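Visitor: Sending over a structure as C-alpha cells; questions will come in a sec.
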Amino acid sequence: METMFNLRKKLTKLTLLSILAGSGSSVFAQSNDQIHTALTPCYMEGLADRLMCGSIKRPLSDSSADGEIDINFAIIPAIKPSHPDEAALAFAGGPGQGAIELAAIFNRNLRFVRETRDILLVDQRGTGYSNKLQCESNDLQTQFAFNDSMTDLALLGAQETQKCKAQLNIDLSHFSTPVAAKDFEAVRKALGYKGLHLYGVSYGTRIAQEYTRQFPNSVLTSTLDGVVPMQQSLAAIGAAIDDSLAALFARCESNTLCNSQYPQLKNQFNTLMTQLDSQPIETTVKHPRTYKNITLVVTKTKFFGAIRMALYSHSMRAILPLAISQVANGNFSPWVGLMSGVDITEQLAMGMHNAIVCGEDWPQLNEQKRSKYNKSYMGKMMIEGFDVMCPIWDVTPVNKSFYKPVTTEVPTLLLSGGRDPATPASWAELAMVNMKNATHLVSPSATHGIGSQTCAPKIIAQFINQQNMQDIDTKCINNNNDKKFFMNIN
C-alpha cells in the first residue's frame, strides 16, 4: 500500500505537470526583448507558499532537425519585491538533480534573500521537468539481494548502459554544462530579470561558474556552496571521502563517550572491509518500508556506499559508529536504515548525470590523474565505471578551454565544509585562483552544502545586498554543529 507521503508527493507532481502543460489562469512576464512567458500558480512538496511556474522552448542542438525541448522553471516570489529586476538563481547538484523539486530546500537556504528578491529555479535540461533523462532501475528489495561480488560488473555495466541508451534514444552530447548555461540565460531574458545572484551547490557550482564565464554581464554576485573547480574531475572525490571518514574516526576517538562505547571503531571498519572483500555476508532483514523479511547480501561495495552517503549528513554521521559496530557484531538493522536512503538512481536523472561525467570528467583523466585517484577505493570504483559506460554513451567531449579556471571580477562567495566528503575546502581554493573579487569561508564542523547547516543563509543575504563582503561578521560560521553520537539502539 502506498504511503500518504508518497501519494501526496505524486499528486503534487501531477499538479505541477498539469500547470506546466498550461492549465489554469496565467499571468505574463515581459522582458526588454519583448518576449512573453506564461506563468501559472503552482505548488511543490514541503513548501506551503504559492510559486509561479512556466516553460520556454529551447533548441535541442544547433541543428533544427533535432527539434526543441521544454525548459521548465519556477519562481518563489519575494516577500517584499524591493528588487523586481533581480533574482537569486539556484543551481541544483548531482549532476542530475532538478531544481524545482528542491524548492523547499532552496527556499530555506535563501530565506533571507527571498525577503527582497525572487528565487528562480530552473530544471536543467535532462533533469526534473525539463526532458528528464532517466532509465529504469531495480527496486529496493532487488538491490538488497544483489551480490555484486559474484557478478562481472564490467559486463553488467555495459549491458545496463546499452539498455539505458536504447531507452533514451538521444545524443547525450546535447546535455553538457556549456549548452545548459545558455538555457539559463534564455530563461533570464524571457522573464526580464536584468541581473542574477547565483547560488550553486555541489555540481551546481560548476554550472554557476560556466554561466558566469559565458554571461558575465548577467551576474551580479555568485555564491558557490561546496565548490567543484572547473579543472577538477569528479573522480577526485575518493580522497575527500577518505578524509571525511578519517575525521569521523578521529572525533569518536577524542570523544570520551564514543571512545568508551566504540574503542576499536576504525579497526572494526577496516576489518569489515577486508572480510567483505573476500566473503560477502548473506542474511535476512526487515524491509525498511514494508517490514517484510527480505534477503540482504552485504558486499564491500554496498557497505562502503552506505557509509559514504551517511557522511553527508550530521544526523547520519552520528549514527555511523553504532551502525559499524552493530554490523561487526552481526546486527544489520541500523545499517539497513542507512542503505535504504542510498538509492541514487531515484534522486538523480542518471542519463543527464552520465552526459556530464562522460563529456566533462572522464575525458580529462590522463595517466597522472588516474594514478592519483586510483589510490582511494571510491576513486578507483568511479574510474572503472567511467571506463565501461562512457565509450558506450559516446558523448562528445567538451572543449579543453572548459577546464580553465574561471577568470572573473564578479563578487564571489565560496563556502566549504571542513568535513565535506565530496568537495573539500582545497577545491574552493583551486576554483578561485582567477577570481579577482572572491572570499572563501570554511565551516570546520560542516559537511556538504553549508547553506543547510550553518548561519550561511544570513551571510549570503548580506553579501547579495552589499555585493561585497566588507564588514560582514562571519564568526558564526565557526560554530560547532555536531550531533551527539548514538550510543545504543534502544
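The values are calculated or read from the model by the stated rules, or taken from the named source; none is laboratory data. These numbers come from a predicted model, not from an experiment. Heads up, the Cβs are rebuilt from the backbone with ideal geometry, glycines too, and the neighbour counts pull from every protein chain shown. SASA here: full protein model, heavy atoms, side chains in, ligands and nucleic acids out. Shrake-Rupley method; radii C 1.70, N 1.55, O 1.52, S 1.80 Å.
Visitor: Going by what's in this entry, would M316 be described as part of a helix (DSSP H, G or I) and modelled with pLDDT of 95 or more?
Guide: No; evaluated as a whole, the condition is false for this residue.
Visitor: Another question, if that's okay. Of all residues in the range 169-218, count the ones that are open to solvent by 10 Å² or more (accessible area, probe 1.4 Å) and not polar (S, T, N, Q).
Guide: Counting residues in the range 169-218 that are open to solvent by 10 Å² or more (accessible area, probe 1.4 Å) and not polar (S, T, N, Q) gives 19.
Visitor: Scan the range 59-95 residue by residue and report those that are surrounded by fewer than 19 Cβ atoms within 10 Å (Cβ to Cβ), in contact with a Lys or Arg (Cβ under 7 Å, 6 or more places away or on another chain) and either charged (D, E, K, R) or free of Cβ contacts under 8 Å to residues at least 24 places away in the same chain (or both).
Guide: E68, D70, D85 - these are the residues of the range 59-95 that are surrounded by fewer than 19 Cβ atoms within 10 Å (Cβ to Cβ), in contact with a Lys or Arg (Cβ under 7 Å, 6 or more places away or on another chain) and either charged (D, E, K, R) or free of Cβ contacts under 8 Å to residues at least 24 places away in the same chain (or both).
Visitor: When you check Y291 against the structure, is it assigned to a loop (DSSP other than H, G, I, E, B), aromatic (F, W, Y) and surrounded by 16 or more Cβ atoms within 10 Å (Cβ to Cβ), yes or no?
Guide: Here the answer is no, as Y291 does not meet what is asked.
Visitor: Would you confirm whether or not the range 134-143 contains a residue that is under 24 Å from L47 (Cα atoms) and surrounded by fewer than 24 Cβ atoms within 10 Å (Cβ to Cβ)?
Guide: Within the range 134-143, none of the residues are under 24 Å from L47 (Cα atoms) and surrounded by fewer than 24 Cβ atoms within 10 Å (Cβ to Cβ).
Visitor: For the range 294-313, what are the residues that are in contact with a helix residue (DSSP H, G or I) (Cβ under 8 Å, 6 or more places away or on another chain), closer than 16 Å to D242 by Cβ and part of a loop (DSSP other than H, G, I, E, B)?
Guide: Selection gives L311 alone.
Visitor: Out of (1) free of Cβ contacts under 8 Å to residues at least 40 places away in the same chain; (2) within 21 Å of the chain's Cα centre (by Cα), the odd one out for N374 is which?
Guide: Going through (1) free of Cβ contacts under 8 Å to residues at least 40 places away in the same chain; (2) within 21 Å of the chain's Cα centre (by Cα) one by one, N374 breaks only (2).
Visitor: Scan the range 96-115 and report the pairs whose first residue is open to solvent by less than 10 Å² (accessible area, probe 1.4 Å) and whose second residue is of a type in the set (A, V, I, L, M) and part of a loop (DSSP other than H, G, I, E, B), with Cβ atoms within less than 6 Å and a gap of 6+ or a chain change.
Guide: Sorted first by the residue in the range 96-115, then by its partner, the pairs are G96/L348; G96/A349; A99/A92.
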